[in-house]
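Trainee: Below you will find the structure I want to go over with you.
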Amino acid sequence: MRKTKHSWAAFTGEGNKGEKMVGENTRILPKATQEEKEKREAKRKGKLKALAGKLLKTVAGGKETVKKAGIEDMAGNLLKMPTCKKGAERGSPAEETICKYIEQGKFLEACDRIYNLEHSGNDGVRKSESLYALLAERMWTVVGEALSGSGRMFLEPLQSVGESLKWEKQKEAEWLGNSQETESVSTWSPNFWRKDLEEKLIQYMTAQIPLFDSSANTDDTALKQHLSHLEMAFLPSLEHRSDVFKEAGLLVTYVRGCHASLCSHLSTLIDSNHFSFSQCLLIYEWALKMYKSGSEACLRPSQIPQHNLCLDVQCLAWIILKTEEKLLAVAQKEVGKALREAFDIGKPPCTDAAVIQILTEKTKAARHVSESLSEKVEAVCLEECLRFLKSYEDEIRSFLQLDGCALICSSLRILENCCLLRTGWPKLTYMSSASTGQNVKVNEFLDRMEDDITEHFLQTVTSKVKEALKDHFKKCDSGFDHILESLKQSFLAFGKKKTDTYEALVQAVNAIVTTEYMQALLTTSRKPSSVQRRRIVNKIEEDHRMMQTIIKECLGPAAGPFKDPIKAILELVQTSDDEGMKIALLPILKEFPEFRKEHLTAVLNIKDSLSREDRAALLKAFQDNCRESETEANLLFADIEVKPRNCGLCGCLCC
């Protein structure tokens, strides 16, 4: 088999002379011989170009990540590598020998020869740099061929690569020991070999890891399969190839490349913005499992065979910490988002069970992996809950600046949310380790929000009812019945009916409606006609029935007896005989001692067919039985002012 020799004209600087000799030899050769030579040369270049492309694909691990232009450029560079064929230019004998050693895979011998040439003077440094580069290129080619799966075939040259790296360390130590300049050592070409080899190993191994698109694979199943592939296929394949590198003395560098490629891949996964809490937990659990297995491997007795390749525990510890940081951040983000959706003012309130699930489900999931991790997740969830309550309070304060009928329903939703938190938080603290400070903050928030939103709600109800009752007794449809129906539906939709807040709210609304109703009734601007009086009485009866229905439907069995001035007034105006009216007046005076003479006159104005004598008798009965208010328990009529008219209250007792 004919051996190919390298041309070293590029290193010796004798290119022009060689070209002249070649030109002279070409002129004396026969034409046929010259054409044959040119064909052989073209064929040789084609083979080298094809070989270069193949080597590049081999190092890339079969992945189509090398662009065609890059392959052709590298192939062109290999074509430019000098050859030592007969008739071509020739270098020095020492350089030709080095070329032979490099071709034969005897890299250690080539290192010694290049080193001697480097220190021989006569431009040896410049020539040695080019030779070192050529040597490194050939060594990385051997490494790439060994990584392609046919490592045993290249064991001998691969061992020579390992010996060359040891030789570099030895020479570096000698150089520093002889007080050579540190700068010269740091710029010496072989000083970068180990780093270059590690980078090429990382590139190859990274290319073997299947890509995982976190934006397209949002479910846990795909990530489980990917991690399983890393554990059951990728790592065993690296383990299989590690044997030949161990025999070649390159196991440390090989393992370092494995660790770096895997850590880089896991780090890329963790940095994804598309991973959910459960997916982050899967990576954490997988890394923790590999970490424990690696730690156990390090603690095994020396007589028990160990794998050559085991994941670096420090590398995995870093991955675990990085994953934990990302996992806690994702937990905080997801809990905040879930709380905002659960307490959306524009949506119906959820249940306290749903809120508890939001704040505990991640802690429970983390507890299956690590108790310490679950404690950290729990702390993050509770802190996010407090942070949400602060933002929710700001949102409510902005809401209170608005106005409109829809605010009645929204206010009740906010109050229901407060009730939900007040009943759910003790359950949550029982299940978790919430601090005393957190309990105080939550209760203070609930107290403030309930007071503010209740005050706003009652003010809104008062305003809407007052507006609807303004012309209620003059118009057929004032909108008062629509207000009552809206209140009823809003109360019936309230989910926390068995709470003190709800019952107090219904009773407060009933008191507001009753007060405003009596105010509108007793301050009618003019004395109605007989037809109008009958219509007003019918309207009072119908309105009272609707208000009673709301109370009974909203409170149910909790609706106990309470003072009802509308019913008392209705009984008074519906009684026909004089004595019956006197009897109906007495309960009013007893229940409402602040009921004044002008109030009674206004009531009598809406009674149909009332004679002057009967009116006078009732007014006298009022004077005989009225008394000063002894207590402020019920001041319904205290703030109702009835303006005097031209007739009535004039002392003539005719109105």
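The values are calculated or read from the model by the stated rules, or taken from the named source; none is laboratory data. For clarity, every value in this text was computed on a predicted model and none was experimentally measured. Reconstructed Cβ throughout: ideal geometry from the backbone, glycine too, with neighbour counts over all protein chains shown. Please note that ligands, DNA and RNA were not included when accessible areas were found on the heavy atoms of the full protein model with its side chains. Shrake-Rupley method; radii C 1.70, N 1.55, O 1.52, S 1.80 Å.
Trainee: Quick one: would you say residue 641 is within 18 Å of residue 518 (Cβ to Cβ), part of a loop (DSSP other than H, G, I, E, B), at pLDDT below 80 and acidic (Asp, Glu)?
Mentor: Numbers: within 18 Å of residue 518 (Cβ to Cβ): yes; part of a loop (DSSP other than H, G, I, E, B): yes; at pLDDT below 80: yes; acidic (Asp, Glu): yes.
Yes.
Trainee: Given (1) surrounded by 13 or more Cβ atoms within 10 Å (Cβ to Cβ); (2) part of a helix (DSSP H, G or I); (3) modelled with pLDDT under 85, identify the lone condition not met by residue 184.
Mentor: (1)
Trainee: Something else now. If you check residue 302 against the conditions, is it among the polar types (S, T, N, Q), open to solvent by 20 Å² or more (accessible area, probe 1.4 Å) and at pLDDT 90 or above?
Mentor: Numbers: among the polar types (S, T, N, Q): yes; open to solvent by 20 Å² or more (accessible area, probe 1.4 Å): yes; at pLDDT 90 or above: no.
Spelling it out, it is not the case that residue 302 is among the polar types (S, T, N, Q), open to solvent by 20 Å² or more (accessible area, probe 1.4 Å) and at pLDDT 90 or above.
Trainee: Can you tell me which residues in the range 494-514 are open to solvent by 50 Å² or more (accessible area, probe 1.4 Å) and in contact with a Pro (Cβ under 9 Å, 6 or more places away or on another chain)?
Mentor: Answer for the range 494-514, where residues must be open to solvent by 50 Å² or more (accessible area, probe 1.4 Å) and in contact with a Pro (Cβ under 9 Å, 6 or more places away or on another chain): just 495.
Trainee: Let me ask something additional. Which condition from (1) at pLDDT 80 or above; (2) of a type in the set (D, E, K, R); (3) more than 20 Å from residue 514 (Cα to Cα); (4) open to solvent by 50 Å² or more (accessible area, probe 1.4 Å) is the one that residue 567 breaks?
Mentor: With (1) at pLDDT 80 or above; (2) of a type in the set (D, E, K, R); (3) more than 20 Å from residue 514 (Cα to Cα); (4) open to solvent by 50 Å² or more (accessible area, probe 1.4 Å) applied to residue 567, the lone miss is (3).
Trainee: Just name the residue that is farthest from the chain's Cα centre (by Cα) out of those in the range 433-452 that are open to solvent by 50 Å² or more (accessible area, probe 1.4 Å) and acidic (Asp, Glu).
Mentor: Looking at the filtered set, the residue picked out is 451.
Trainee: Take residue 549 and decide whether it is open to solvent by 30 Å² or more (accessible area, probe 1.4 Å), closer than 21 Å to residue 639 by Cα and assigned to a helix (DSSP H, G or I). Steps first, answer last, please.
Mentor: On the way: open to solvent by 30 Å² or more (accessible area, probe 1.4 Å): yes; closer than 21 Å to residue 639 by Cα: no; assigned to a helix (DSSP H, G or I): yes.
Criteria not met by residue 549.
Trainee: State which residue is nearest to residue 533 (Cα to Cα) when the search covers only the range 561-618 and only residues that are of a type in the set (Val, Ile, Thr) and touching a residue at least 24 places away in the same chain (Cβ under 8 Å). Walk me through how you get there before you give the answer.
Mentor: Quick first cut of the range 561-618, residues of a type in the set (Val, Ile, Thr) only: 566, 569, 573, 575, 583, 588, 601, 603, 606.
Okay, now just the ones that are also touching a residue at least 24 places away in the same chain (Cβ under 8 Å), so 566, 569, 573, 601, 603, 606.
Working: 566: 16, 569: 14, 573: 10, 601: 14, 603: 11, 606: 5 Å.
Applying the filter and picking the extreme gives 606.
Trainee: Considering only the range 362-377, state which residues are open to solvent by less than 40 Å² (accessible area, probe 1.4 Å), out of contact with any Ser or Thr (no Cβ under 6 Å at 6 or more places or on another chain) and either assigned to a helix (DSSP H, G or I) or farther than 15 Å from residue 279 by Cα (or both). Working first, answer last.
Mentor: At the first step, the residues of the range 362-377 found to be open to solvent by less than 40 Å² (accessible area, probe 1.4 Å) are 362-363, 365-366, 369-370, 373-374, 377.
Remaining after also requiring out of contact with any Ser or Thr (no Cβ under 6 Å at 6 or more places or on another chain): 362, 365, 369-370, 373.
Listed by number, the residues that qualify are 362, 365, 370, 373.
Trainee: Within the range 231-262, restricting attention to residues that are of a type in the set (Val, Ile, Thr) and open to solvent by 10 Å² or more (accessible area, probe 1.4 Å), which residue is farthest from residue 198 (Cα to Cα)? I'd like the intermediate steps shown before the answer.
Mentor: First pass over the range 231-262, keeping only residues of a type in the set (Val, Ile, Thr): 244, 252-253, 255.
Add one more test, that the residue is open to solvent by 10 Å² or more (accessible area, probe 1.4 Å), and what stays is 244, 252, 255.
Numbers: 244: 16, 252: 10, 255: 9 Å.
Top of the filtered list is 244.
Trainee: Something else about it: If we keep just the residues of the range 516-544 that are of a type in the set (Gly, Ala, Ser) and free of Cβ contacts under 8 Å to residues at least 12 places away in the same chain, which is most open to solvent (accessible area, probe 1.4 Å)? Break it down stepwise before answering.
Mentor: Pass one, the range 516-544, residues of a type in the set (Gly, Ala, Ser): 520, 525, 529-530.
If we keep only those that are free of Cβ contacts under 8 Å to residues at least 12 places away in the same chain too, we end up with 525, 529.
On the way: 525: 76, 529: 53 Å².
Here the answer is 525.
Trainee: Identify all residues within the range 593-627 that are more than 15 Å from residue 522 (Cα to Cα) and not in a helix (DSSP H, G or I); write none if there are none. Reasoning before the result, please.
Mentor: Taking the range 593-627 as the starting set, the residues that turn out to be more than 15 Å from residue 522 (Cα to Cα) are 593, 608-627.
593, 608, 609, 610, 611, 626, 627 - these are the residues of the range 593-627 that are more than 15 Å from residue 522 (Cα to Cα) and not in a helix (DSSP H, G or I).
Trainee: While we're here: Output the number of residues of the range 339-351 satisfying the condition of being assigned to a helix (DSSP H, G or I) and either of a type in the set (Val, Ile, Thr) or open to solvent by less than 30 Å² (accessible area, probe 1.4 Å) (or both).
Mentor: Initially, the range 339-351 is screened for residues assigned to a helix (DSSP H, G or I), giving 339-342.
Subset that is either of a type in the set (Val, Ile, Thr) or open to solvent by less than 30 Å² (accessible area, probe 1.4 Å) (or both): 339, 342.
The total comes to 2.
Trainee: Kindly check whether there is at least one residue in the range 456-465 that is over 15 Å from residue 411 (Cβ atoms), surrounded by fewer than 18 Cβ atoms within 10 Å (Cβ to Cβ) and not small (Gly, Ala, Ser). Working first, answer last.
Mentor: Let us first name the residues in the range 456-465 that are over 15 Å from residue 411 (Cβ atoms), namely none.
Within the range 456-465, not a single residue is over 15 Å from residue 411 (Cβ atoms), surrounded by fewer than 18 Cβ atoms within 10 Å (Cβ to Cβ) and not small (Gly, Ala, Ser).
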